Amino acid sequence: MHLTDTQAEIKELARNFAAAEIAPHAAQWDREECFPIDVARRMGELGFLGMLIPEEYDGLGLDTTSYLVALEEIAAADASAAVLMSVHNSLPTQMLLHFGSEAQKEQYLKPMARGELIGAFSLSEPDAGSDASALRCQAVRDGGDWLLTGTKSWVTSGSLADVIMVMARTDTPDARRGSRGISAFIVTPDLSGFHVGKKEEKMGLRASPTVQLTFDGMRVPDANLLGEEGQGFVYAMRSLDNGRLGIAAQALGIARAALDASLGYAEERKQFGKPIREFEAIQFKLADMGARIAAARALLHATAASKDRGESTTLYGSMSKLLASEAAMWVTTQAVQIFGGYGYIKDYPVEKLFRDAKVTEIYEGTSEIQRIVIARELYNSYHSI
Ligand SMILES: Cc1cc2nc3c(=O)[nH]c(=O)nc-3n(C[C@H](O)[C@H](O)[C@H](O)COP(=O)(O)OP(=O)(O)OC[C@H]3O[C@@H](n4cnc5c(N)ncnc54)[C@H](O)[C@@H]3O)c2cc1C
(Lines give C-alpha, C1' and ligand atoms only; values in the text may rest on other atoms or scores of the structure.)
Protein backbone atom coordinates (compact mmCIF):
# COMPACT_ATOMS: atom_id res chain seq x y z
CA MET A 1 0.00 0.00 0.00
CA HIS A 2 1.54 3.30 -1.07
CA LEU A 3 1.16 6.20 1.36
CA THR A 4 2.08 9.81 0.65
CA ASP A 5 4.65 11.42 2.94
CA THR A 6 1.90 13.11 4.96
CA GLN A 7 -0.11 9.90 5.30
CA ALA A 8 3.02 8.02 6.41
CA GLU A 9 3.77 10.72 9.00
CA ILE A 10 0.23 10.56 10.38
CA LYS A 11 0.45 6.78 10.59
CA GLU A 12 3.75 7.02 12.46
CA LEU A 13 2.36 9.65 14.85
CA ALA A 14 -0.69 7.48 15.58
CA ARG A 15 1.39 4.33 15.98
CA ASN A 16 3.79 5.99 18.43
CA PHE A 17 0.97 7.58 20.43
CA ALA A 18 -0.92 4.27 20.56
CA ALA A 19 2.18 2.33 21.61
CA ALA A 20 3.06 4.79 24.38
CA GLU A 21 -0.31 5.91 25.74
CA ILE A 22 -2.96 3.35 24.78
CA ALA A 23 -1.61 -0.20 24.33
CA PRO A 24 0.01 -0.49 27.79
CA HIS A 25 -3.33 0.29 29.50
CA ALA A 26 -5.88 -1.34 27.16
CA ALA A 27 -6.23 -4.61 29.11
CA GLN A 28 -6.77 -2.70 32.37
CA TRP A 29 -9.38 -0.37 30.83
CA ASP A 30 -11.13 -3.45 29.44
CA ARG A 31 -11.11 -5.15 32.85
CA GLU A 32 -12.29 -2.03 34.69
CA GLU A 33 -14.75 -1.01 31.96
CA CYS A 34 -13.54 2.55 31.90
CA PHE A 35 -11.98 4.83 29.35
CA PRO A 36 -10.03 7.76 30.86
CA ILE A 37 -11.28 11.06 29.53
CA ASP A 38 -7.69 12.35 29.64
CA VAL A 39 -6.79 9.95 26.85
CA ALA A 40 -9.60 11.35 24.71
CA ARG A 41 -8.33 14.88 25.46
CA ARG A 42 -4.81 13.81 24.47
CA MET A 43 -6.18 12.42 21.20
CA GLY A 44 -7.73 15.83 20.68
CA GLU A 45 -4.45 17.67 21.37
CA LEU A 46 -2.73 15.56 18.73
CA GLY A 47 -5.44 16.38 16.20
CA PHE A 48 -7.01 12.90 16.03
CA LEU A 49 -10.48 14.30 16.75
CA GLY A 50 -10.50 16.86 13.94
CA MET A 51 -8.84 14.99 11.13
CA LEU A 52 -11.59 15.42 8.52
CA ILE A 53 -12.59 18.96 9.51
CA PRO A 54 -11.21 21.79 7.33
CA GLU A 55 -8.64 24.11 8.88
CA GLU A 56 -11.09 27.05 8.76
CA TYR A 57 -13.08 25.15 11.43
CA ASP A 58 -9.97 24.33 13.47
CA GLY A 59 -9.51 20.81 12.10
CA LEU A 60 -6.53 19.32 10.29
CA GLY A 61 -8.28 19.14 6.92
CA LEU A 62 -6.70 15.79 6.04
CA ASP A 63 -7.71 13.34 3.36
CA THR A 64 -9.76 10.25 4.23
CA THR A 65 -6.83 7.81 3.88
CA SER A 66 -4.81 9.71 6.51
CA TYR A 67 -7.75 9.43 8.88
CA LEU A 68 -8.21 5.72 8.23
CA VAL A 69 -4.55 4.79 8.67
CA ALA A 70 -4.49 6.67 11.99
CA LEU A 71 -7.68 4.96 13.09
CA GLU A 72 -6.29 1.53 12.20
CA GLU A 73 -3.23 2.24 14.37
CA ILE A 74 -5.35 3.31 17.35
CA ALA A 75 -7.64 0.28 16.90
CA ALA A 76 -4.67 -2.09 16.81
CA ALA A 77 -3.86 -0.81 20.32
CA ASP A 78 -7.43 -0.60 21.64
CA ALA A 79 -10.74 -0.92 19.81
CA SER A 80 -12.52 1.12 22.52
CA ALA A 81 -10.27 4.14 21.91
CA ALA A 82 -10.86 3.68 18.19
CA VAL A 83 -14.65 3.69 18.43
CA LEU A 84 -14.61 7.01 20.29
CA MET A 85 -12.38 8.44 17.55
CA SER A 86 -14.44 6.92 14.73
CA VAL A 87 -17.85 8.09 15.99
CA HIS A 88 -16.57 11.58 16.81
CA ASN A 89 -14.84 12.08 13.43
CA SER A 90 -17.42 10.40 11.21
CA LEU A 91 -20.83 11.18 12.63
CA PRO A 92 -21.57 14.28 14.78
CA THR A 93 -18.75 16.41 13.39
CA GLN A 94 -19.54 15.48 9.77
CA MET A 95 -23.22 16.24 10.32
CA LEU A 96 -22.31 19.65 11.75
CA LEU A 97 -19.85 20.34 8.93
CA HIS A 98 -22.25 19.47 6.12
CA PHE A 99 -25.60 20.54 7.52
CA GLY A 100 -24.91 22.91 10.43
CA SER A 101 -25.30 26.71 10.42
CA GLU A 102 -22.25 28.95 10.79
CA ALA A 103 -23.31 29.70 14.36
CA GLN A 104 -23.52 25.96 15.16
CA LYS A 105 -20.11 25.39 13.58
CA GLU A 106 -18.63 28.20 15.67
CA GLN A 107 -20.20 26.97 18.91
CA TYR A 108 -19.83 23.19 18.50
CA LEU A 109 -17.81 22.11 15.48
CA LYS A 110 -14.70 24.17 16.20
CA PRO A 111 -14.21 22.98 19.80
CA MET A 112 -15.02 19.43 18.68
CA ALA A 113 -12.38 19.64 15.95
CA ARG A 114 -9.88 20.84 18.57
CA GLY A 115 -10.88 17.87 20.74
CA GLU A 116 -12.14 20.08 23.57
CA LEU A 117 -15.67 18.67 23.22
CA ILE A 118 -16.34 14.96 22.63
CA GLY A 119 -19.13 13.96 20.27
CA ALA A 120 -21.66 11.12 20.19
CA PHE A 121 -24.39 10.01 17.80
CA SER A 122 -27.81 8.83 18.91
CA LEU A 123 -30.07 7.22 16.33
CA SER A 124 -30.88 3.74 17.74
CA GLU A 125 -33.67 3.03 20.21
CA PRO A 126 -34.71 -0.12 22.06
CA ASP A 127 -37.21 -0.98 19.29
CA ALA A 128 -35.48 0.74 16.36
CA GLY A 129 -32.15 -0.82 15.35
CA SER A 130 -31.68 -1.92 11.73
CA ASP A 131 -35.03 -0.28 11.01
CA ALA A 132 -33.86 3.02 12.49
CA SER A 133 -36.59 5.07 10.82
CA ALA A 134 -39.06 3.37 13.21
CA LEU A 135 -37.65 5.49 16.05
CA ARG A 136 -40.17 6.99 18.46
CA CYS A 137 -38.36 9.67 20.47
CA GLN A 138 -40.67 12.66 19.98
CA ALA A 139 -39.88 16.35 19.69
CA VAL A 140 -42.67 18.90 19.95
CA ARG A 141 -42.44 22.64 19.56
CA ASP A 142 -42.89 24.72 22.69
CA GLY A 143 -42.54 28.43 22.05
CA GLY A 144 -39.03 28.98 20.72
CA ASP A 145 -37.84 25.58 21.95
CA TRP A 146 -38.40 21.89 21.34
CA LEU A 147 -39.35 19.43 24.06
CA LEU A 148 -37.85 15.94 23.52
CA THR A 149 -39.26 12.84 25.19
CA GLY A 150 -38.10 9.26 24.73
CA THR A 151 -35.36 6.71 25.26
CA LYS A 152 -32.32 6.31 23.03
CA SER A 153 -30.13 3.23 23.29
CA TRP A 154 -26.61 2.09 22.48
CA VAL A 155 -25.04 5.55 22.58
CA THR A 156 -21.27 5.12 22.23
CA SER A 157 -19.46 7.58 24.52
CA GLY A 158 -22.92 8.74 25.63
CA SER A 159 -21.91 9.21 29.27
CA LEU A 160 -18.78 11.24 28.54
CA ALA A 161 -19.87 13.16 25.44
CA ASP A 162 -20.28 16.94 25.49
CA VAL A 163 -22.29 17.09 22.25
CA ILE A 164 -24.73 14.41 21.13
CA MET A 165 -26.41 14.39 17.73
CA VAL A 166 -29.89 13.07 18.48
CA MET A 167 -32.44 11.99 15.87
CA ALA A 168 -36.07 12.47 16.98
CA ARG A 169 -39.50 12.61 15.37
CA THR A 170 -40.87 16.04 14.57
CA ASP A 171 -43.98 14.79 12.76
CA THR A 172 -47.17 14.30 14.74
CA PRO A 173 -48.82 11.00 15.72
CA ASP A 174 -51.82 11.75 13.48
CA ALA A 175 -49.64 12.66 10.45
CA ARG A 176 -46.64 10.35 10.42
CA ARG A 177 -44.15 11.00 7.62
CA GLY A 178 -41.85 7.99 7.99
CA SER A 179 -38.17 8.84 7.68
CA ARG A 180 -39.15 12.38 6.51
CA GLY A 181 -40.65 12.98 9.93
CA ILE A 182 -37.27 12.77 11.68
CA SER A 183 -35.06 15.73 12.54
CA ALA A 184 -31.56 16.02 14.02
CA PHE A 185 -30.90 17.98 17.23
CA ILE A 186 -27.67 19.08 18.86
CA VAL A 187 -28.02 17.99 22.49
CA THR A 188 -25.75 18.84 25.41
CA PRO A 189 -25.88 17.09 28.81
CA ASP A 190 -26.66 20.35 30.64
CA LEU A 191 -30.15 20.58 29.09
CA SER A 192 -32.94 20.14 31.61
CA GLY A 193 -34.59 16.71 31.23
CA PHE A 194 -31.41 14.99 29.98
CA HIS A 195 -30.56 11.76 31.82
CA VAL A 196 -27.89 9.13 31.30
CA GLY A 197 -29.50 5.71 31.86
CA LYS A 198 -28.27 2.14 31.92
CA LYS A 199 -24.68 1.45 30.95
CA GLU A 200 -24.52 -1.76 28.93
CA GLU A 201 -22.27 -4.56 30.14
CA LYS A 202 -20.73 -5.77 26.92
CA MET A 203 -18.84 -8.78 25.55
CA GLY A 204 -16.15 -6.61 24.01
CA LEU A 205 -15.28 -2.94 23.62
CA ARG A 206 -15.71 -2.92 27.36
CA ALA A 207 -13.84 0.32 28.01
CA SER A 208 -16.14 2.24 25.68
CA PRO A 209 -19.23 3.41 27.60
CA THR A 210 -22.38 2.39 25.70
CA VAL A 211 -25.40 3.90 27.44
CA GLN A 212 -29.08 4.57 27.24
CA LEU A 213 -30.18 8.20 27.29
CA THR A 214 -33.61 9.25 28.45
CA PHE A 215 -35.20 12.57 27.67
CA ASP A 216 -37.97 13.68 29.90
CA GLY A 217 -39.42 16.73 28.18
CA MET A 218 -35.83 17.85 27.56
CA ARG A 219 -35.86 21.48 26.47
CA VAL A 220 -33.76 22.02 23.34
CA PRO A 221 -33.49 25.53 21.86
CA ASP A 222 -34.63 25.89 18.26
CA ALA A 223 -31.10 27.09 17.48
CA ASN A 224 -30.01 23.47 18.09
CA LEU A 225 -32.12 22.02 15.28
CA LEU A 226 -29.61 20.87 12.67
CA GLY A 227 -30.36 21.96 9.12
CA GLU A 228 -33.94 21.53 7.95
CA GLU A 229 -36.78 20.02 9.94
CA GLY A 230 -37.61 16.54 8.61
CA GLN A 231 -34.15 15.97 7.10
CA GLY A 232 -32.44 14.42 10.12
CA PHE A 233 -32.71 10.83 8.92
CA VAL A 234 -31.20 11.73 5.54
CA TYR A 235 -28.33 13.55 7.29
CA ALA A 236 -27.73 10.56 9.57
CA MET A 237 -27.71 8.07 6.68
CA ARG A 238 -25.25 10.19 4.69
CA SER A 239 -22.94 10.36 7.67
CA LEU A 240 -23.21 6.62 8.24
CA ASP A 241 -21.93 6.05 4.69
CA ASN A 242 -18.68 7.60 5.88
CA GLY A 243 -18.91 6.14 9.38
CA ARG A 244 -18.72 2.68 7.86
CA LEU A 245 -15.26 3.46 6.53
CA GLY A 246 -14.15 4.20 10.09
CA ILE A 247 -15.60 0.92 11.39
CA ALA A 248 -13.80 -0.92 8.57
CA ALA A 249 -10.51 0.70 9.69
CA GLN A 250 -11.27 -0.24 13.29
CA ALA A 251 -11.88 -3.85 12.23
CA LEU A 252 -8.61 -3.89 10.28
CA GLY A 253 -6.69 -2.62 13.30
CA ILE A 254 -8.14 -5.42 15.45
CA ALA A 255 -7.37 -8.02 12.76
CA ARG A 256 -3.84 -6.77 12.24
CA ALA A 257 -3.10 -6.86 15.97
CA ALA A 258 -4.32 -10.47 16.01
CA LEU A 259 -2.11 -11.38 13.06
CA ASP A 260 0.95 -9.69 14.61
CA ALA A 261 0.40 -11.51 17.90
CA SER A 262 -0.08 -14.81 16.07
CA LEU A 263 3.10 -14.42 14.01
CA GLY A 264 5.10 -13.86 17.20
CA TYR A 265 3.45 -16.67 19.14
CA ALA A 266 3.80 -19.21 16.32
CA GLU A 267 7.52 -18.56 16.35
CA GLU A 268 7.94 -18.85 20.14
CA ARG A 269 5.60 -21.72 20.94
CA LYS A 270 7.19 -25.13 20.53
CA GLN A 271 5.33 -28.45 20.33
CA PHE A 272 6.68 -31.77 19.07
CA GLY A 273 10.14 -30.22 19.34
CA LYS A 274 9.67 -27.35 16.92
CA PRO A 275 8.02 -23.94 16.67
CA ILE A 276 4.37 -24.35 15.68
CA ARG A 277 4.98 -22.00 12.70
CA GLU A 278 6.70 -24.95 11.04
CA PHE A 279 3.41 -26.86 10.88
CA GLU A 280 1.65 -26.35 7.58
CA ALA A 281 -1.75 -26.09 9.30
CA ILE A 282 -0.50 -23.02 11.19
CA GLN A 283 1.24 -21.54 8.13
CA PHE A 284 -1.98 -21.77 6.10
CA LYS A 285 -3.92 -20.00 8.83
CA LEU A 286 -1.33 -17.19 8.95
CA ALA A 287 -1.33 -16.94 5.15
CA ASP A 288 -5.12 -16.63 4.96
CA MET A 289 -5.16 -14.10 7.81
CA GLY A 290 -2.63 -11.90 6.01
CA ALA A 291 -4.41 -12.22 2.67
CA ARG A 292 -7.85 -11.32 4.06
CA ILE A 293 -6.49 -8.27 5.87
CA ALA A 294 -4.59 -7.06 2.80
CA ALA A 295 -7.62 -7.49 0.53
CA ALA A 296 -9.98 -5.66 2.89
CA ARG A 297 -7.45 -2.85 3.39
CA ALA A 298 -6.91 -2.45 -0.37
CA LEU A 299 -10.65 -2.04 -0.92
CA LEU A 300 -10.98 0.38 2.00
CA HIS A 301 -8.18 2.61 0.75
CA ALA A 302 -9.53 2.56 -2.81
CA THR A 303 -12.91 3.60 -1.36
CA ALA A 304 -11.26 6.41 0.64
CA ALA A 305 -9.57 7.73 -2.52
CA SER A 306 -12.87 7.53 -4.39
CA LYS A 307 -14.58 9.48 -1.59
CA ASP A 308 -11.92 12.19 -1.80
CA ARG A 309 -12.59 12.43 -5.55
CA GLY A 310 -16.16 13.31 -4.59
CA GLU A 311 -17.73 9.97 -5.55
CA SER A 312 -20.49 8.27 -3.56
CA THR A 313 -19.24 5.75 -1.00
CA THR A 314 -22.54 3.98 -0.39
CA LEU A 315 -21.63 0.84 -2.37
CA TYR A 316 -17.93 0.50 -1.65
CA GLY A 317 -18.24 1.78 1.92
CA SER A 318 -20.71 -1.03 2.66
CA MET A 319 -18.46 -3.55 0.89
CA SER A 320 -15.44 -2.31 2.86
CA LYS A 321 -17.25 -2.51 6.18
CA LEU A 322 -18.63 -5.97 5.38
CA LEU A 323 -15.29 -7.44 4.28
CA ALA A 324 -13.18 -5.80 6.99
CA SER A 325 -15.52 -6.73 9.84
CA GLU A 326 -15.92 -10.32 8.66
CA ALA A 327 -12.13 -10.50 8.17
CA ALA A 328 -11.65 -9.24 11.75
CA MET A 329 -13.98 -11.89 13.18
CA TRP A 330 -12.42 -14.66 11.09
CA VAL A 331 -8.83 -13.57 11.75
CA THR A 332 -9.32 -13.23 15.51
CA THR A 333 -10.98 -16.67 15.59
CA GLN A 334 -7.92 -18.16 13.88
CA ALA A 335 -5.66 -16.25 16.27
CA VAL A 336 -7.35 -17.81 19.30
CA GLN A 337 -6.89 -21.22 17.66
CA ILE A 338 -3.20 -20.59 17.01
CA PHE A 339 -2.73 -19.69 20.67
CA GLY A 340 -4.57 -22.86 21.72
CA GLY A 341 -5.59 -22.77 25.39
CA TYR A 342 -3.56 -19.61 25.88
CA GLY A 343 -5.84 -17.91 23.34
CA TYR A 344 -8.75 -18.49 25.65
CA ILE A 345 -7.39 -16.67 28.68
CA LYS A 346 -6.73 -13.03 29.43
CA ASP A 347 -2.96 -13.40 29.84
CA TYR A 348 -2.59 -13.03 26.07
CA PRO A 349 -4.05 -10.29 23.85
CA VAL A 350 -6.04 -12.37 21.37
CA GLU A 351 -8.87 -13.13 23.79
CA LYS A 352 -9.71 -9.41 23.96
CA LEU A 353 -9.25 -8.95 20.21
CA PHE A 354 -11.71 -11.79 19.54
CA ARG A 355 -14.31 -10.17 21.83
CA ASP A 356 -13.72 -6.71 20.37
CA ALA A 357 -14.00 -7.91 16.75
CA LYS A 358 -17.60 -9.12 16.98
CA VAL A 359 -19.27 -5.76 17.30
CA THR A 360 -17.81 -4.55 14.00
CA GLU A 361 -20.24 -6.98 12.30
CA ILE A 362 -23.14 -5.41 14.21
CA TYR A 363 -22.95 -1.64 14.63
CA GLU A 364 -23.31 1.06 11.99
CA GLY A 365 -25.34 -1.53 10.07
CA THR A 366 -25.14 -5.29 10.58
CA SER A 367 -23.53 -7.54 7.95
CA GLU A 368 -27.04 -8.47 6.79
CA ILE A 369 -27.90 -4.80 6.29
CA GLN A 370 -24.60 -4.19 4.43
CA ARG A 371 -25.49 -7.04 2.05
CA ILE A 372 -28.93 -5.50 1.47
CA VAL A 373 -27.30 -2.13 0.68
CA ILE A 374 -24.72 -3.74 -1.62
CA ALA A 375 -27.31 -5.77 -3.53
CA ARG A 376 -29.45 -2.63 -4.00
CA GLU A 377 -26.52 -0.46 -5.07
CA LEU A 378 -25.29 -3.03 -7.59
CA TYR A 379 -28.48 -2.19 -9.50
CA ASN A 380 -28.43 1.55 -8.74
CA SER A 381 -24.91 2.87 -8.69
CA TYR A 382 -22.38 0.25 -9.74
CA HIS A 383 -19.11 1.81 -10.89
CA SER A 384 -15.51 0.65 -10.69
CA ILE A 385 -13.00 2.26 -8.38
C1 LIG B 1 -21.42 -1.62 21.25
C2 LIG B 1 -22.45 -0.92 20.43
C3 LIG B 1 -22.34 0.43 20.19
C4 LIG B 1 -23.31 1.10 19.45
N5 LIG B 1 -23.21 2.46 19.27
C6 LIG B 1 -24.23 3.13 18.69
C7 LIG B 1 -24.23 4.56 18.64
O8 LIG B 1 -23.26 5.20 19.07
N9 LIG B 1 -25.32 5.19 18.14
C10 LIG B 1 -26.39 4.52 17.66
O11 LIG B 1 -27.35 5.16 17.20
N12 LIG B 1 -26.44 3.16 17.67
C13 LIG B 1 -25.38 2.45 18.17
N14 LIG B 1 -25.40 1.07 18.23
C15 LIG B 1 -26.60 0.37 17.74
C16 LIG B 1 -26.33 -0.46 16.49
O17 LIG B 1 -26.18 0.38 15.38
C18 LIG B 1 -27.46 -1.48 16.35
O19 LIG B 1 -27.23 -2.47 17.36
C20 LIG B 1 -27.51 -2.12 14.99
O21 LIG B 1 -27.93 -1.19 14.03
C22 LIG B 1 -28.45 -3.33 14.95
O23 LIG B 1 -29.68 -3.04 15.53
P24 LIG B 1 -30.29 -4.04 16.64
O25 LIG B 1 -29.22 -4.29 17.63
O26 LIG B 1 -31.56 -3.46 17.11
O27 LIG B 1 -30.56 -5.39 15.84
P28 LIG B 1 -31.86 -5.72 14.97
O29 LIG B 1 -32.09 -4.65 13.99
O30 LIG B 1 -32.96 -6.11 15.88
O31 LIG B 1 -31.35 -7.01 14.17
C32 LIG B 1 -31.37 -8.33 14.72
C33 LIG B 1 -30.93 -9.29 13.61
O34 LIG B 1 -31.85 -9.23 12.52
C35 LIG B 1 -31.15 -8.91 11.32
N36 LIG B 1 -32.01 -8.09 10.46
C37 LIG B 1 -32.68 -6.95 10.77
N38 LIG B 1 -33.34 -6.49 9.72
C39 LIG B 1 -33.07 -7.33 8.69
C40 LIG B 1 -33.46 -7.37 7.31
N41 LIG B 1 -34.24 -6.44 6.76
N42 LIG B 1 -32.99 -8.40 6.55
C43 LIG B 1 -32.17 -9.35 7.10
N44 LIG B 1 -31.79 -9.36 8.37
C45 LIG B 1 -32.22 -8.36 9.18
C46 LIG B 1 -29.92 -8.15 11.78
O47 LIG B 1 -28.91 -8.15 10.78
C48 LIG B 1 -29.56 -8.91 13.03
O49 LIG B 1 -28.86 -10.08 12.67
C50 LIG B 1 -24.40 0.38 18.92
C51 LIG B 1 -24.51 -1.00 19.14
C52 LIG B 1 -23.55 -1.66 19.89
C53 LIG B 1 -23.70 -3.15 20.14
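The values are calculated or read from the model by the stated rules, or taken from the named source; none is laboratory data. Quick caveat: nothing in here was measured; it's all calculated off a predicted structure. Heads up, the Cβs are rebuilt from the backbone with ideal geometry, glycines too, and the neighbour counts pull from every protein chain shown. The accessibility values were calculated without ligands, DNA or RNA, using every heavy atom of the protein model including side chains. Shrake-Rupley method; radii C 1.70, N 1.55, O 1.52, S 1.80 Å.
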**OP:** Name the residue, out of Ala281, Ala266, that is in contact with a strand residue (DSSP E or B) (Cβ under 9 Å, 6 or more places away or on another chain) and closer than 22 Å to Tyr348 by Cα.
**Re:** Ala266
Original post:
Which condition does Asp30 not pass, out of (1) within 15 Å of the ligand (Cβ to nearest atom); (2) charged (D, E, K, R); (3) in contact with a helix residue (DSSP H, G or I) (Cβ under 9 Å, 6 or more places away or on another chain); (4) under 26 Å from Met237 (Cβ atoms), if it passes all the others?
Top reply: (4)
Original post:
Just one of the numbered conditions (1) more than 30 Å from Ser384 (Cα to Cα); (2) open to solvent by 30 Å² or more (accessible area, probe 1.4 Å); (3) assigned to a helix (DSSP H, G or I) is not true of Tyr348; which one?
Top reply: (3)
Original post:
Of the residues Tyr379, Tyr316, which single one is of a type in the set (Phe, Trp, Tyr), more than 16 Å from the ligand (Cβ to nearest atom), surrounded by fewer than 18 Cβ atoms within 10 Å (Cβ to Cβ) and within 22 Å of Asp241 (Cα to Cα)?
Top reply: Tyr379
Original post:
Is it fair to say Ser179 is more than 12 Å from the ligand (Cβ to nearest atom) and either charged (D, E, K, R) or more than 28 Å from Ala27 (Cβ to Cβ) (or both)?
Top reply: yes
Original post:
Has the range 224-234 got any residue that is assigned to a helix (DSSP H, G or I), within 14 Å of the chain's Cα centre (by Cα) and either at pLDDT 95 or above or of a type in the set (Ser, Thr, Tyr) (or both)?
Top reply: no
**OP:** Return yes or no: is Val336 more than 15 Å from the ligand (Cβ to nearest atom), in a helix (DSSP H, G or I), in contact with a helix residue (DSSP H, G or I) (Cβ under 9 Å, 6 or more places away or on another chain) and without any contact (Cβ under 8 Å) to a residue 24 or more places away in the chain?
**Re:** yes
Original post:
How many residues, within the range 197-216, are within 21 Å of the chain's Cα centre (by Cα) and either open to solvent by less than 40 Å² (accessible area, probe 1.4 Å) or farther than 23 Å from Asp78 by Cβ (or both)?
Top reply: 12
Subject >> Hits in the range 1-29 - residues which are in contact with a Ser or Thr (Cβ under 7 Å, 6 or more places away or on another chain) and either open to solvent by less than 40 Å² (accessible area, probe 1.4 Å) or closer than 30 Å to Ile345 by Cβ (or both) >> reply: Gln7, Ile10, Trp29
**OP:** Select, from Ala258, Ala294, Ala298, the only residue that is open to solvent by less than 50 Å² (accessible area, probe 1.4 Å) and hydrophobic (A, V, I, L, M, F, W, C).
**Re:** Ala258
Original post:
Restricting to strands (runs of 3 or more DSSP E) lying wholly in the range 125-190: which have 1 or more residues that are within 25 Å of the chain's Cα centre (by Cα)?
Top reply: 145-156, 163-169, 182-187
